[in-house]
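One structure is given below, encoded as structure tokens.
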Amino acid sequence: MYGMKNKTSTQNICNITFEHPLGGTGDFCICNEKGVWHLFHILHEYGIPSSCHHPDQTRKLAHATSSDLTHWTIHESTIYARPDKWDNNKVWAPGINKFQNEWYMCYTGVDKDFHQRIGIVKSYNLWDWTYPVDGPIIDSEKFLWSKSGGVHEDAVFPNYFNCRDPFIIRY
């Protein structure tokens, strides 16, 4: 993303200035729709231990908009870890692309056993998101290369599956 210019704008997007008032910014994606920049990111909330393995941390993707990449408006999050679903613990690493007037966002969903899978949501307007499929589009448990395990900072996950940081490319 650094040094690139959006096809519909002459603004250089490597000069982004952003600070979320409720916490630090983690993995993110940014897109431009009709002159408005939309930033979606992991929110590391202040007042909660900063580890992404803490049970109350990284449970939603934050959303902010800007017309100049400097002055931002914070919006209510719409993509959360969902109870009783495959992504019931964490949501991470959004990646976004537009195809035929619909926006598609892939993200990493993490369950209580720390299995990481790739999910997808779609929107016509970048505000209202739906889940076109109920489960993940990539299930890490189906790939032996994704199996891992070990001790992480503040928790032990003896058997978990790595599958994160999706990237959408249209060709």
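Ranked from highest to lowest mean number of other Cβ atoms within 10 Å per residue, what is the order of the peptides 78-89, 128-139?
My ranking of the peptides, most packed first, is 78-89, 128-139.
When ranked by the protection proxy of mean other Cβ atoms within 10 Å per residue, highest first, what sequence do the peptides 34-40, 58-64, 118-124 form?
The most tightly packed comes first, giving 58-64, 118-124, 34-40.
Read-outs: derived from the displayed coordinates by stated rules, not from any lab. This one's a predicted model, so the numbers in the text were calculated from it and none came from an experiment. Note: ideal-geometry Cβ built from the backbone for every residue, glycine included; neighbour counts use all protein chains shown.
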